[in-house]
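Visitor: Have a look at this one before I ask anything.
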There are 2 protein chains.
Amino acid sequence: MDIKILLVDDEPDILEIVGYNLSSEGYEVITAENGVEAVKKAKKEKPQLIIMDVMMPEMDGIEACEQIRNIPELKNTIITFLTARGEDYSQVAGFDAGADDYITKPVKPKVLVSKVKALLRRLKEESINESIVKIGDLTINRDEYKIVLKEEEIVLPRKEFELLSLLASKPGKVFKREEILDKVWGNEVVVGGRTIDVHIRKLREKIGDHCFKTVKGVGYKFVD
Amino acid sequence: MDIKILLVDDEPDILEIVGYNLSSEGYEVITAENGVEAVKKAKKEKPQLIIMDVMMPEMDGIEACEQIRNIPELKNTIITFLTARGEDYSQVAGFDAGADDYITKPVKPKVLVSKVKALLRRLKEESINESIVKIGDLTINRDEYKIVLKEEEIVLPRKEFELLSLLASKPGKVFKREEILDKVWGNEVVVGGRTIDVHIRKLREKIGDHCFKTVKGVGYKFVD
DNA sequence: TATAAAGGTAATAAATTCATAACAAATTTT
DNA sequence: AAAATTTGTTATGAATTTATTACCTTTATA
């Protein structure tokens, strides 16, 4: 997935320096010089992240932030303000307006880049909860309770679906048996010790043996 | 997860005002009136965040901070100082003592709350990365229960993984046999005297002999 | 109601992990 | 140097953990 970042500042110098640093990290950078332009471009380009100066002509960052927050398609966009150190008031107003974080000026390129990475990591983790998950040639649609494997639709019984869903939510991660019981069966239900294995077996039959790796003494993981 | 905040100040007014603001945001607030009490309560309650005045009777904030930083269970706790504007020296000393941030007095409630939120968000982000440890060309991934050595993936049985995990958690440190048994096998399990050696041997085979140094009469250590 | 499907259990098989014993080698103490 | 202590190595079998199958109960479906 290509990542778009909208950079908003009225100082061309800042746009250039910050933009350069982000571009060289492989991000697609779009710029705007004031709030009005920012809102317009945000709507059109749907960036994942907006880095915006607070003080700007035409429309300040706070107001632009509020307007952007009201665009439903952009509800998952992360908005970060650029603010001069010590501008206490603007910080408060910014959080009220729906900002997610702050970057203080003057901006050190390395700090900026690592902050951006951290923010995008957060975005990624949040998007895990979306109802459609794709891993390789497997698609899991929680909304419709079905999975698609190589163009072919497979319907799974509830427990199998939940189990697959859990494991596939973090490919590679080993889920402990205890954790699986908790999340798929619920922590109040008590089931026998071989129940998970049997369900794993059924999934292996239907989805493919190689997708489910056993880690003895620990649990299972889904691999791509 | 419920969040506990330890608030330390010798002025009851501050405790009340700040405490009220944090409580009404849904945080669990614990208070202490001096450094000695702060250390004691920190140890007992294990708060995620400590907000502490620098100037206090009995034991000042700097010293309390140092003591708290030496409690291993609290290594991930964020410590923030309350400091009067312009007290530059205390800031420097505070960072040396292991403080993470500063809040200047007089405290504006909204600033305080948004700062606390930002700090806790940071805490959350840091804890995500804890499951991956890198030492030289060895990467240990506790989440996926696997290790990567020079681009190559190695899967270890549980005990070997736990043992490696322990030793590598503090490269250079010698872990006593007793300590290893405690942490890898659990203090209730009794195993024979050669068990650790055998596991070390297997790790030496798989990871490399030179990584594991024997300290006769004491235990083993991991070296880079 | 009959039938099928889902979900769980129990019994047994298979595989892996791990502890141990027995001895060798190295190191320290006497 | 000899004895004692501590660690290294290996093979082996017991214990643990997982896989598989058949079967039973419950729930949903026709």
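Visitor: Apply the Karplus curve 6.51 cos²θ - 1.76 cosθ + 1.60, θ = phi - 60°, to the phi angles in segment B:195-211 and return the couplings in whole Hz, x for Gly and Pro.
Guide: Karplus values, whole Hz, x for Gly and Pro: 4, 4, 3, 4, 5, 4, 4, 4, 5, 4, 4, 7, 9, x, 4, 5, 6.
Visitor: Extending each Cα 7 Å along its Cβ direction at B:Ser169 and B:Lys150, get the distance between those two points in nm, one decimal.
Guide: 2.8
Visitor: Say a label goes 7 Å from Cα toward Cβ at B:Thr214 in every copy; what distances in nm does this one have to the rest, shortest first?
Guide: Listed shortest first, these distances are 3.5 nm.
Visitor: List B:Glu178, B:Glu28, A:Glu160, B:Glu151 from most exposed to least, where exposure is judged by having the fewest other Cβ atoms within 10 Å. Walk me through the numbers on the way to the answer.
Guide: On the way: B:Glu178 11, B:Glu28 14, A:Glu160 19, B:Glu151 7.
Fewest to most other Cβ atoms nearby, the residues stand as B:Glu151, B:Glu178, B:Glu28, A:Glu160.
Visitor: Which cross-chain or sequence-distant (5 or more) residues have an amide H under 5 Å from the amide H of B:Ile5, H modelled 1.01 Å from N in plane?
Guide: B:Glu28, B:Val29, B:Ile30
Visitor: Same structure, new question: Using θ = phi - 60° and the Karplus relation 6.51 cos²θ - 1.76 cosθ + 1.60, list the HN-Hα couplings for segment B:176-190 in order, rounded to whole Hz, with x at every Gly or Pro.
Guide: 5, 3, 4, 5, 5, 4, 4, 7, 9, 9, x, 6, 9, 6, 10
Visitor: Can you sort B:Tyr145, A:Tyr145 by how many other beta carbons sit within 10 Å, fewest first?
Guide: Ascending Cβ contact count within 10 Å gives the list A:Tyr145, B:Tyr145.
Visitor: Follow-up. For a quick check: sort A:Asp60, B:Asp53, B:Asp2 by the number of other beta carbons within 10 angstrom, fewest at the front.
Guide: Working: A:Asp60 18, B:Asp53 25, B:Asp2 7.
Result, fewest neighbours first: B:Asp2, A:Asp60, B:Asp53.
Visitor: Turning to a different aspect of this structure: One decimal, nm, shortest first: give the distances between the label point of A:Glu25 and those of the same position in the other copies, each label point 7 Å from Cα along Cα→Cβ.
Guide: From this label point to the equivalent ones elsewhere in the assembly: 2.6 nm.
Visitor: Sticking with this structure for a sec: Given a Förster distance of 56 Å, report the FRET efficiency between A:Lys206 and A:Glu16 from their Cβ-Cβ distance, rounded to the nearest 0.05. The partial results should precede the final answer.
Guide: Values: r = 54 Å, r/R0 = 0.97.
Working from the Cβ atoms, E equals 0.55.
Visitor: Given H placed 1.01 Å from N in the peptide plane, which residues other than close sequence neighbours of A:Met52 have an amide H under 5 Å from its amide H?
Guide: A:Val8, A:Thr80, A:Phe81, A:Leu82
Visitor: Hey, if you drop one equal point scatterer on each alpha-carbon of segment B:136-222 and run the Debye formula without solvent, what base-10 log of I(q)/I(0) do you get at q = 0.25 Å⁻¹?
Guide: Debye curve over Cα of segment B:136-222, log10 I(q)/I(0) at q = 0.25 Å⁻¹: -1.44.
Visitor: Pull out the extension gain between A:Glu178 and A:Arg69, defined as 0.36 nm times the separation in residues minus the alpha carbon to alpha carbon distance; nm, one decimal. If you can, show how the numbers build up before the last one.
Guide: Numbers: separation 109, 0.36 × 109 = 39.24 nm, distance 3.98 nm.
Using 0.36 nm per residue and subtracting the Cα-Cα distance, I get 35.3 nm.
Visitor: Let me ask something else about it. Give the nm distances, rounded to one decimal, from B:Val190 to the matching residue in every other copy, measuring between label points 7 Å along Cα toward the beta carbon; shortest first.
Guide: 3.0
Visitor: Follow-up question, since we're still on this one. Between B:Asp143 and A:Val191, what FRET efficiency comes out of the Förster formula 1/(1 + (r/R0)^6) with R0 = 35 Å and r the beta carbon distance, rounded to 0.05?
Guide: Details: r = 25 Å, r/R0 = 0.72.
Plugging the Cβ-Cβ distance into 1/(1 + (r/R0)^6) gives 0.90.
Every number in this text was worked out from the coordinates using simple rules, so none of it is lab data. This one's a predicted model, so the numbers in the text were calculated from it and none came from an experiment. Here the Cβ is made from the backbone with ideal geometry for all residues, glycine too, and neighbour counts use every protein chain on show.
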